[in-house]
Amino acid sequence: MSPQALIDRLDSLEKAFADEIAPLSSEQDIRAAQARFLGKKGAVSEVMKQMGKLAPEDRKAVGQVANRVKASVEGEVARKLGELDEAARAADLSREVDVTLPGRARPRGHDHLLSQVRRDCVAIFTELGFDVAEGPQVETDWHNFEALGTGKDHPARDMQDTFYVGPDLVLRTHTSPVQIRTMLAEAPPIKIVAPGVVYRRDDDATHSPMFTQLEGLLVDREVRFSDLKGVLVHFVRRFFGQELDIRLRPSYFPFVEPGAEVDMQCAFCRRGDSGCRVCKGTGWVEIGGAGMVDPVVFEHVGYDPEAWTGFAFGMGPDRMAMLRHGVGDIKLLYDADLRFLRQF
Ligand code: DAH
């Protein structure tokens, strides 16, 4: 081909390219068109391959046109891509957002029934000015038993089937050792509740080897048994939202004197219907123990038993949960079965 023919060919390729990419609207298509013209086997490259056969002075003239055409194709590509970018940004900005559409709902979990009950119980006492105290679950024999008036050969040790983890270490059998730890750490007056898990070698429909307790302790001057009863009645009525009564039956715990077992009126039948499964027709359900702090306990923690008086109580939030929601088997509280737990 003559030099002029090559130049004409290049000029026509330039126009052809402009026509070809004008209607394109994707980067992929534009890059493909670019390759068809400038790629190794592209139309422009094919023309340039023929330049080798030209005389040097002609080669220069054709080369200049070829370079111009290449630059023009690349310029067109850049311009076209810029346009696409701009159009995409504009589309994005003018997109209509309906702010009245409902949001995407995310599945929401909730607290375990026992956590709810523990929180409700604690809240009733913090309203009354009680602080929350805690203690370790692996406890010394001394805190769990001795300091609470239960020496090594005390017959009351048999009341609780204990898991021993060492010669003088136990899994705490009750939350009462938190009374001891609190009194050792602080001077009276004291007003605390201590929620937590405890362990006993017990396992049936109403007993789990791990269960929860809520301990209470109030130490001050001239505390009376009626103060204890008032606090417990208030608690039961607030927790169950009914005008239920409580009754205190004389009982023995080594760390209180006098001691009592706490019953509340059956939240289901209230009167003791013969068919009531919850109270078995008696009208009363046991919810814990309580009493006036035994002077022997004060002596163990270095409080003057002549100067200080107090009451203590221990309740079972598991029991509370079962009573409030009519749950028949304590295992359900610890099995982590979502079909059960989702109901609360
Ligand atoms: N610690 C006792 C138990 O687990 C319950 C108890 C009874 C706690 C009387 C007390 C109390 O604080 O005064 O069986």
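The values are calculated or read from the model by the stated rules, or taken from the named source; none is laboratory data. Keep in mind the model is a prediction, meaning the values are calculated, not measured. Positions of Cβ are backbone-derived with ideal geometry, glycine not excepted, and every protein chain shown enters the neighbour counts. Ligands, DNA and RNA are excluded from the accessible area calculation, which covers all protein heavy atoms including side chains. Shrake-Rupley method; radii C 1.70, N 1.55, O 1.52, S 1.80 Å.
Which loop trypsin sites (Lys or Arg not before Pro) in the stretch 274-337, with loop taken from DSSP, have no more than 13 other Cβ atoms within 10 angstrom of their Cβ?
Numbers: sites: Arg277, Lys280, Arg319, Arg324, Lys331; in loops: Arg277, Lys280.
Answer by residue number: Arg277, Lys280.
With +1 on the Cβ of every Lys and Arg and -1 on the Cβ of every Asp and Glu, and nothing else charged, how large is the dipole of the chain about its Cα centre, in debye rounded to the nearest 20?
Working: 44 positive and 53 negative charges, 360 e Å.
In total the dipole reaches around 1720 debye.
Return the loop-located GluC sites (Glu not before Pro) in the stretch 28-100 (DSSP other than H, G, I, E, B) with at most 13 other Cβ atoms within 10 Å of their own Cβ; answer none if there are none. Mind dumping the intermediate values first?
Details: sites: Glu46, Glu57, Glu74, Glu76, Glu83, Glu86, Glu96; in loops: Glu96.
Listed in order of number, the matching sites are Glu96.
Per residue, how many Å² of accessible area does the stretch 113-341 show with a 1.4 Å probe?
On the way: 10640 Å² over 229 residues.
Heavy-atom accessible area per residue stands at 46 Å².
At a Förster distance of 30 Å, what's the computed FRET efficiency of Arg342 paired with Val99, Cβ-Cβ distance as r, to 0.05? Present the calculation step by step, with values, prior to reporting the outcome.
Details: r = 32 Å, r/R0 = 1.08.
The formula returns an efficiency of 0.40 here.
My understanding is that a pair violates if its Cα-Cα distance is over 19 Å; which of Lys41/Lys70; Lys191/Lys229; Lys60/Lys80 do that in this structure?
Values: Lys41/Lys70 14 Å; Lys191/Lys229 15 Å; Lys60/Lys80 30 Å.
Exceeds cut-off: Lys60/Lys80.
At 1.4 Å probe size, with the rest of the protein present, what percent of the exposed accessible area of the stretch 117-168 is carbon and sulfur atoms? Intermediate results must be reported in sequence, preceding the final value.
On the way: 1470 of 2800 Å².
Percent of accessible area from carbon and sulfur atoms in the stretch 117-168: 52.
Treat each spin label as a single point 7 Å out from the Cα along the C-beta direction, and report the Lys40 to Ala71 distance in nm.
Computed distance between label sites Lys40 and Ala71 equals 2.7 nm.
Which percent of the accessible area of the stretch 3-94 is formed by carbon and sulfur heavy atoms (probe 1.4 angstrom)? Could the numbers behind the result be given before it?
Details: 3040 of 5640 Å².
For the stretch 3-94, the apolar C and S fraction of the accessible surface comes to 54 percent.
Tell me the Rg and the Dmax, in Å, that the Cα atoms of the stretch 113-341 produce.
Rg and Dmax of the stretch 113-341, Cα atoms, are 17.3, 55 Å.
Taking the simple approach of a point 7 Å from Cα along Cα-to-Cβ for both Asp19 and Val132, what is their distance in nm?
Distance between the two pseudo-spin positions: 8.1 nm.
Rounded to the nearest 20 debye, what is the charge dipole size of the stretch 48-148 about its Cα centre when +1 sits on each Lys and Arg Cβ and -1 on each Asp and Glu Cβ? Provide the component values of the computation, followed by the final result.
Values: 15 positive and 18 negative charges, 341 e Å.
In total the dipole reaches around 1640 debye.
Cut-off 10 angstrom, C-alpha nodes, Gaussian network model of the chain. Which of Val262, Val99, Val278 fluctuates the most?
Highest fluctuation of the listed residues: Val99.
Only four residue types carry charge here, +1 at the Cβ of Lys and Arg and -1 at the Cβ of Asp and Glu. Report the dipole size of the stretch 3-94 about the Cα centre in Debye, rounded to the nearest 20.
Values: 15 positive and 16 negative charges, 114 e Å.
Dipole of the stretch 3-94, to the nearest 20 debye: 540 debye.
Can you give me the accessible area per residue for the stretch 3-94, using a 1.4 Å probe, in Å²? All intermediate terms of the calculation are to be shown ahead of the outcome.
Values: 5640 Å² over 92 residues.
With all protein chains present, the stretch 3-94 gives 61 Å² per residue.
Of Arg249, Arg79, Arg201, which is the most mobile in a GNM of the chain whose springs link Cα atoms less than 10 angstrom apart?
Arg79
With a cap of 11 neighbouring Cβ atoms within 10 Å, and only residues DSSP puts in a loop, list the GluC sites (Glu not before Pro) found in the stretch 237-331.
Numbers: sites: Glu243, Glu261, Glu286, Glu299, Glu306; in loops: Glu243, Glu306.
In loop regions of the stretch 237-331 (DSSP not H, G, I, E or B), the sparsely surrounded GluC sites (Glu not before Pro) are Glu243, Glu306.
Could you list the square roots of 5 times each eigenvalue of the Cα gyration tensor of the stretch 3-94, that is, the equivalent ellipsoid semi-axes, sorted largest first and rounded to whole Å? Numbers along the way, then the final one.
Numbers: eigenvalues 203, 24, 18 Å².
Working from the Cα gyration tensor, I get semi-axes of 32, 11, 9 Å.
Students often forget the sequence filter, so: which aspartates and glutamates lie under 19 Å Cα-Cα from Lys152 once same-chain residues fewer than 8 apart are removed?
Those aspartates and glutamates meeting the cut-off are Glu139, Asp141, Asp161, Asp168, Asp294, Glu299.
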